[in-house]
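This report concerns only the one structure given below.
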Amino acid sequence: MSSPLTLAPGHSSERPRRMLLVLGGALILATYLFLVTVQPTEIAGGVGSTASLVSLFGFLGGGALLVGGILPMLTTSSLVVMPLGIALNIAIGQIAGSLGMQIYLDAIGTVLVAVLAGPAAGAATGALSNAIWGLFNPFALPFAAGAALIGLLAGLAAKHGAFRRVYLAPVAGLVVGAIGGLVAAPVAVFMFGAAGTFGTNAIIAVFRSMGDKLLVAATKQGLLSDSLDKIVVFVIVALIVYALPQRAVRQFPFARTYRVLGNRSGRRAPQPTSGIGTPAA
Amino acid sequence: MPRRRIYNPLTELLAAALLVVLVLVVNRWEFSFAVLVLVVLPAVLLSGRIRQISLAILLVAGPLLLSSLLLHGLFYPEGRVILLDFGVARVTQEGLSFAAVMGLRMGVFTGVLLTVAMTLDIPDLLATMTHRRWNRKLVFILGSAVGILPHVALRARQITRAQQARGLVVGREPISRFRALLTVTTPLVIGLLVDASERNHMLQARGFSSSVPRTSYLPDTDTPRQRWARRGMAVAVGAFSVLWLGAGVLP
């Protein structure tokens, strides 16, 4: 890939960047633990405003800190593919939502970017995707941290070979989807009372009719829908990247270095020295 | 006719976000209803895009409100006062009340944010972010994603038509839909990646990765007064939230 025609920035910003990543991850984890373990008061009295605020600020703030820490480490080749991932997420997710499907299909772009450009680019794409989608569909906004987690895990799965064989992709999708469902459920419950599409609410209604609490019912629905959704999304992305010409895949240092598509990734590049981010071009 | 812009997009976005925070802090249906009637409704009426915004709010919030009403109205095991009993499903007073509180909250959330978003001047917002020295990569991604969206939708429609001309028929079965989705997405993604590769070369050649401050060709519409107003609004809402929640915690 072509190298920048300007001098590379120094390493003075390395420590604050790592600090942002650690703080963002810690904030998201603390928010999740608070919502699931400390907060769960009986929903019958109404969803407490503290839980809603913690959910909004914890997940959005954590996502913003992660993006702030990730953006400086991304190369231009990763940056130019992120808007396309965001646009794909929004365009396909909007169609799936309007059809009232039981799955969302709103992470195809995130997983695609994660597979080609790495976990860091995938996480930033997921978070920014929901932030931008929030301008057209405000219900997407609080799920930004969950989307970042999907991008991060998809990239890590790709790095460890989940996209080298087509039959490995749905297995990775199942695991990533289950984790994503667990994280998204408290947001859906404490922000919107678990309101979703007719398809997803029908699943929650089944669990509620069995006497489950709203958070438990939403978590079970999340585990079902998100796992199925990510299985489909991972398979679609695997089939798309297999159909890409090698020239298109080779422009991404991450895909080249870690041979994320096996023999389809092209020539092996030298191993990078550190980090989960996209290696320097 | 679009309304004449008075405030900077950043000021409008922050005001909308703070209003949502206030609704969450107060957490009473009366307050949500008042915001909906006294703030959202006039804002939509004065926006100059009444039809488009009303339609968008209806399309985004309508299905969610209806499905929420059905979910909590019929399946609310915590409910004690039963109004109607259908066996598995029971209409309870508590369920309807919960659905109403959540519905009003979602109504405010959608109304406020969609009204601001649909009257937002994106180039003005990006110019302000550049003038205020926001991260250049973030500004590029935001601007590029918003700009590429209609392009992606148009290209997807063109590819769908081309594939239909070659015999693509979308059936009702999931496999058929899955195959149709792949038939459209694969050429779409390949085309977009080729474009992205060209954009990469162009950006590299123009020193995108350098660290010097960027210049915006659009004038800065932000004023010191609005910057102070933004800080003041954030501090006021923060202080109110602390006091309100503190009062709620105290006996």
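Rule-based calculations on the coordinates, nothing more; no lab input. Small disclaimer: the values here were computed from a predicted structure and weren't measured. Please note: Cβ atoms are built from the backbone with ideal geometry, for glycine as well, and neighbour counts cover all protein chains shown.
What you get for the range B:134-205, charging only the Cβ of Lys and Arg (+1) and of Asp and Glu (-1), is a dipole of about 160 debye around the Cα centre.
Look at where the Cα atoms of the range B:215-238 and of the range A:159-177 average out, and the two centres are 46 Å apart. Think of the protein assembly as shown as a dipole: +1 on every Lys or Arg Cβ, -1 on every Asp or Glu Cβ, centred on the Cα centre; then among A:Pro245, A:Thr219, B:His131, A:Pro245 lies furthest on the positive end. Summed over qualifying helices (DSSP H, 4 residues or more, each -39500 (n - 2.57)) and divided by its residue number, chain B shows a 222 nm mean residue ellipticity of -24500 deg cm²/dmol.
Going from the residue with the fewest nearby Cβ atoms within 10 Å to the one with the most, A:Met210, A:Met191 rank A:Met210, A:Met191. About the centre of its Cα atoms, the range B:9-120 shows a dipole size close to 180 debye [charges on the beta carbon of Lys, Arg (+1) and Asp, Glu (-1) only; nearest 20 debye].
Candidates B:Ile82, B:Leu69, B:Ile50 compared by Cα position along the dipole of the range B:9-120: farthest toward the positive end lies B:Ile50, with charges placed on Cβ.
What does the charge count around B:Ile57 come to, taking other residues whose C-beta lies under 15 Å from its C-beta (Lys +1, Arg +1, Asp -1, Glu -1)? Counting the neighbours of B:Ile57, the net charge comes to +3. Taking a Cβ cut-off of under 14 Å around A:Ile70, the surrounding Lys, Arg, Asp and Glu residues balance to a net charge of +2, with basic ones at +1 and acidic ones at -1. By the beta-carbon count within 10 Å of each Cβ, the least crowded to most crowded order of B:Glu198, B:Glu94, fewest first, is B:Glu198, B:Glu94. By the beta-carbon count within 10 Å of each Cβ, the least crowded to most crowded order of B:Asp195, A:Asp106, fewest first, is B:Asp195, A:Asp106. Compute the distance from the alpha-carbon center of the range B:190-205 to that of the range B:76-101, in whole Å. If you average the Cα positions of each part, the centres end up 55 Å apart. Net charge within 14 Å of A:Leu128 by Cβ-Cβ distance, Lys/Arg positive one each and Asp/Glu negative one each, not counting A:Leu128 itself? Around A:Leu128, the charge tally is 0. Inter-chain neighbour count for A:199-206: the average number of beta-carbon atoms from partner chains within 10 Å of each residue's beta-carbon is 4.
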